[in-house]
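The values are calculated or read from the model by the stated rules, or taken from the named source; none is laboratory data. Nothing here was measured: the structure is a model prediction, and the numbers come from that model. Ideal geometry is used to build each Cβ from the backbone, glycine not excepted, and the neighbour counts take in all protein chains shown. With ligands, DNA and RNA removed, areas are computed over all heavy atoms of the protein, side chains included. Shrake-Rupley method; radii C 1.70, N 1.55, O 1.52, S 1.80 Å.
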Amino acid sequence: MASLGERIGRLFADYGWLLDAERYDEWLELFSETASYQIVPRENVQLGLPAALMWCRNKDMLRDRITTLLEVNEYDIYSARHIIGLPRFDEPVGDIVAVETPFAVYHTDQEGVSRLFGVGAYRSRISCAGNRLLFEANIVQLDSFSVPTLLADPL
Amino acid sequence: MASLGERIGRLFADYGWLLDAERYDEWLELFSETASYQIVPRENVQLGLPAALMWCRNKDMLRDRITTLLEVNEYDIYSARHIIGLPRFDEPVGDIVAVETPFAVYHTDQEGVSRLFGVGAYRSRISCAGNRLLFEANIVQLDSFSVPTLLADPL
Amino acid sequence: MASLGERIGRLFADYGWLLDAERYDEWLELFSETASYQIVPRENVQLGLPAALMWCRNKDMLRDRITTLLEVNEYDIYSARHIIGLPRFDEPVGDIVAVETPFAVYHTDQEGVSRLFGVGAYRSRISCAGNRLLFEANIVQLDSFSVPTLLADPL
């Protein structure tokens, strides 16, 4: 069995890769059925404000959201690339480990021009009860909230 | 002996560091003698097209290519910096492990101004037969194909 | 006990996270009492020149520097985000392990616009004598020396 740190690293490697490859069904499988998912501007996290740019209270809501996005975005106008940094974590409490992980996301348009889309951090609660690690909650704290295509895709 | 995940992480840490330090001889030592190396636009990977921006079918071709580059680029006009994300890998099949790893590369000019050069992912086949991990194949899938200095250096 | 590689990864995850969260007191605790800290342009590292943009010969000097910065920067005008790449390290010599780690730092202004601040690499000497890894020396080699807010914060 790999160490907890290595398993967390592999979970986030899967997370970013599956999003960038637009393999959303497999990405969803990284979440537990009760998992919540939010995208929140950094400012709101710091002020304790609740306003989220995307808020799914469980995996079904997240699945619905993805389905809607896929219908709207029939013609992709850019591809995404996540660069996820080193995860920071504490000892698990019960079956849950709290993890904080920085990220940068780049978008590339159809002419092959890449630009920084935004940076931020995942504040995650990850269940290590089963064979596989699963997100029990993932708050995407987005530093860059001034972005035109903000709600187009999960981060 | 470190775990496979840790050994893969160290291989990619070496890979990026040696490129950025322009220590190409040591970088070449990360490849097996039969290793292939390609730089391919993301679009071509997705469409199954063969057209590569750089294609070396074995280590000798890659060595020749590096030698040529060093002669042409006698005066460096920028330095490079690779930020390599978390590697994603499956269980090895025989002695070969398939690894997918996102990256971002920045260039800094002689005035000290840094810019994003491009993002993409390494699609690698890595041999774990010997004491050291070695690239058996490395496909550099480049999202950003609209770049002026594209062929100047390996990625 | 986690492997040395995992412990180094966690040290750098803490390093970047605590800086971005402006938890400078905790960040200082990652350094030994005798630790030196420097920010040096890449050019000077390559030429062997001593001129540093910031130079603290021990932890007290670094603490003083942080205190001064906090007084000057009473009103934060941007937030920072470190994306730290894969650490590269050799076998420890005595209690000291030499580590080289690439990084990118982004700044986000009050309108939520994020920009690349700079890229570079940490050249670190890390003590593994005690229970926790501690920086014994950290040289921040900065590729991007043409930056207006250069001395505003530690990197």
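When shorter helices are ignored and each DSSP H run of at least 4 residues is given -39500 (n - 2.57), the per-residue value for the protein assembly as shown at 222 nm works out to -8000 deg cm²/dmol. Each Lys and Arg contributes +1 and each Asp and Glu -1, all at the Cβ; summed about the Cα centre of the protein assembly as shown, the dipole is approximately 400 debye.
Burial annotation for segment C:79-94: residues with an accessible-area loss of at least 40 Å² between the isolated chain and the complete set of protein chains, computed on heavy atoms with a 1.4 Å probe, are C:Arg81, C:Ile83, C:Leu86, C:Arg88, C:Phe89.
Remark: segment B:108-118, residue by residue, has Karplus-estimated 3J(HN,Hα) of 10, 8, 6, 8, x, 9, 9, 9, 4, 8, x Hz, where x stands for each Gly or Pro and the curve is 6.51 cos²θ - 1.76 cosθ + 1.60 at θ = phi - 60°.
Probing with 1.4 Å while keeping every protein chain in the model, the per residue accessible area of the protein assembly as shown equals 45 Å². Built from the Cα atoms of segment A:1-71, the convex hull projects on average onto 6.1 nm², one quarter of its surface area. In nanometres and ascending order, the distances from the B:Pro92 label point to those of the other copies are 2.7, 2.7 (point 7 Å from Cα along Cα→Cβ). Entry note, segment A:1-141: relative contact order of 25 percent, from Cα contacts under 8 Å with a spacing of 6+ residues.
Pairing the Cα long axis of helix C:59-72 with the longest principal axis of chain C, what angle in degrees results, from 0 to 90 and rounded to the nearest 10? Around 20 degrees separate the two axes.
Across identical copies of the chain, C:Glu29 has label-point separations of 4.1, 4.1 nm, listed in ascending order, with the point defined 7 angstrom from Cα along Cα→Cβ.
Running a GNM on chain B with Cα contacts under 10 Å, which residue among B:Leu30, B:Leu133, B:Leu116 ends up with the highest mean-square fluctuation? Top of the fluctuation ranking is B:Leu116. In segment B:3-42, burial by the other protein chains removes 40 Å² or more of 1.4 Å probe accessible surface, compared with the chain on its own, from B:Glu6, B:Arg10, B:Ala13, B:Trp17, B:Arg42. Amide hydrogen proximity for B:Val40: with H placed 1.01 Å from N in the peptide plane, the residues at 5 or more positions away or on another chain lying under 5 Å are B:Leu53, B:Val140, B:Gln141, B:Leu142. The ellipsoid that matches the Cα gyration tensor of segment B:42-138 has semi-axes, each √(5λ) in whole angstrom, of 27, 18, 16, with the longest given first. Rounded to the nearest 100 Å², what is the sum over both chains of accessible area buried where B meets A, with a probe of 1.4 Å? Result for this pair: about 2000 Å² buried. Which distance in Å, rounded to a whole number, links the C-alpha centroids of segment B:63-142 and segment C:90-155? About 21 Å separates the Cα centre of segment B:63-142 from the one of segment C:90-155.
Roughly how crowded by other chains is peptide B:134-144, in terms of the mean Cβ count from those chains within 10 Å of each of its Cβ atoms?
That average works out to 2.
With N as its number of residues, the protein assembly as shown has a Cα radius of gyration that, divided by 2.2 N^0.38 Å, comes to 0.95. With all protein chains in place and a 1.4 Å probe, the accessible surface of the protein assembly as shown carries 52 percent carbon and sulfur. Ascending distances from the C:Met61 label point to its copies in the other chains, with the point 7 Å along the Cα-to-beta-carbon line: 5.3, 5.3 nm.
Taking each pair of different alpha-carbon atoms in segment C:103-147 once, compute 1/r for the pair, average those values, and report the inverse of that mean as the Kirkwood hydrodynamic radius in Å to one decimal.
So the Kirkwood estimate lands at 12.6 Å.
Residues considered: C:Gly85, C:Gly118, C:Gly130. Largest GNM mean-square fluctuation over chain C, using C-alpha springs under 10 Å, is found at C:Gly130. Couplings 3J(HN,Hα) for segment B:8-20, derived from phi with the Karplus relation 6.51 cos²θ - 1.76 cosθ + 1.60 (θ = phi - 60°), are 5, x, 5, 4, 6, 4, 4, 3, x, 5, 5, 4, 5 Hz, where x marks Gly and Pro.
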